[in-house]
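What follows is a set of notes on a single structure, which appears directly below.
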Amino acid sequence: MDTMTIRTHTELLAAVKGVRNAGGTTSQMLATITRMLTDPAAPEQYEDILDTVTRTAAHHFAYEKDTGPTPYPDDATYDNLAPEGQMVVIRHVIFDFGVRIQPTATSTTPASKDTTTRYLAIAIDELNVFELGIDGAPLPAHHLVAISEAEEYTEDGETKLFPLPNVVAILDSGAHLGDDAPALDGLLTAHGWKLVGESDSHPDNAEHEVSPADPQRTPPGIEYHAGRPMPYYLDGRKKLDERGSLLDAMLIATFTAAQATDPATYGLDHVGVELLLIGASRAAVDDRLDDEQIVRGNAGLDCKRRLFMAACAAIDKALDMIRERATCRTCDGAAVTRTTDGKPVCANTGH
């Protein structure tokens with residue numbers, strides 16, 4: 001394997017996510033990793049590297065499923081893995097074969113980081129629109145600016161943005177609601193944000209597209225309902241600030257989120273839901289650490305807060321996935337059974 005190409009964890013993970021998002025199987029993901037590791041000057045090495053990659057996946061698959069040391073057959077494809085189990089195995093393979101350091105100048109150029117997330121800055125000039133900040137503390141009666149993730153939509157042929165309930169930051173202007181609001185661009189700059197396509201410091205509308213000064217360190221949005229972050233975020237964030245332990249915060253958050261669900265609706269119990277959430281949140285933290293090239297033991301409190309936000313965003317997505325799987329595909333009612341192809345259906349067999 002002297003000719004195996006050096007690849008970073010970030011490169012391999014980006015390529016695998018592309019395959020997954022395109023509907024690829026686990027075997028296709030492993031084949032993609034193999035192709036990236038194979039030196040173009042030595043294509044005959046592909047089969048040997050694929051064998052090594054596949055055997056490594058088999059080892060991690062057996063470990064994750066607690067099947068003991070017995071290896072899986074050589075023709076195992078792992079394509080029946082559930083999404084959460086699939087990425088656990090794939091991530092182990094990536095960490096085994098990838099490196100943290102950047103490749104040398106002669107290696108292939110690393111894949112660029114996904115920067116497709118768009119953001120809106122929203123002026124908040126009314127009391128109690130947002131009751132709590134990202135840290136869970138009450139917000140003062142000041143002019144505020146909320147930064148939220150946004151999605152595109154088209155209206156009358158014009159592409160616009162609408163804010164999602166995923167709030168990245170709430171900026172405090174320090175100016176009382178009875179006073180004039182300060183210039184928006186100065187407030188954004190002070191907190192590491194900038195207007196997109198605008199130069200006027202006194203814009204005449206309340207929502208503006210913005211971008212972070214450092215996209216790599218921008219945390220994912222935390223879901224807000226009625227001006228407050230979700231309870232599992234608040235409980236975990238409190239524990240993180242008290243103890244400085246990211247693990248304790250994640251355990252509290254996943255437990256709180258699992259206990260707030262009705263697992264019978266999903267054909268699970270509370271432990272089953274919690275295990276899914278733990279897997280999703282840990283995977284998100286690992287991804288974030290790898291993106292920022294940070295060793296877990298070196299993470300300071302600010303970094304842990306950012307990682308915890310990533311964990312809670314993953315909990316949001318995992319809960320959405322569970323709900324989707326438990327919704328009847330015909331009438332959107334709660335599913336109680338599944339068809340032979342695994343699709344959820346409700347008790348009304350008349351439709």
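Can you compute the FRET efficiency between ARG243 and HIS270 using 1/(1 + (r/R0)^6), with r the Cβ-Cβ distance and R0 = 22 Å? Round to the nearest 0.05. My answer for the efficiency is 0.35.
Applying a threshold of 28 Å to the alpha-carbon distances of LYS160/LYS238; LYS160/LYS194; LYS194/LYS304; LYS194/LYS238 flags LYS160/LYS238; LYS194/LYS238 as lying beyond it. Ranking VAL295, VAL99 from most to least accessible surface, computed with a 1.4 Å probe over the protein chains only, gives VAL295, VAL99. Local charge for ALA15 was computed over the other residues whose Cβ lies under 11 Å away, with Lys and Arg +1 and Asp and Glu -1, and equals +3.
Calculated FRET efficiency, HIS225 and MET321, Cβ-Cβ r, R0 22 Å, to nearest 0.05? E(calc), rounded to 0.05, equals 0.70.
The values are calculated or read from the model by the stated rules, or taken from the named source; none is laboratory data. Since this is a predicted model, take the numbers as computed values, not measurements. Glycine gets a Cβ as well: all are built from the backbone with ideal geometry, and neighbour counts include every protein chain shown. Ligands, DNA and RNA are stripped out before the accessible areas are found, and what is left, the full protein with its side chains, is counted by its heavy atoms. Shrake-Rupley method; radii C 1.70, N 1.55, O 1.52, S 1.80 Å.
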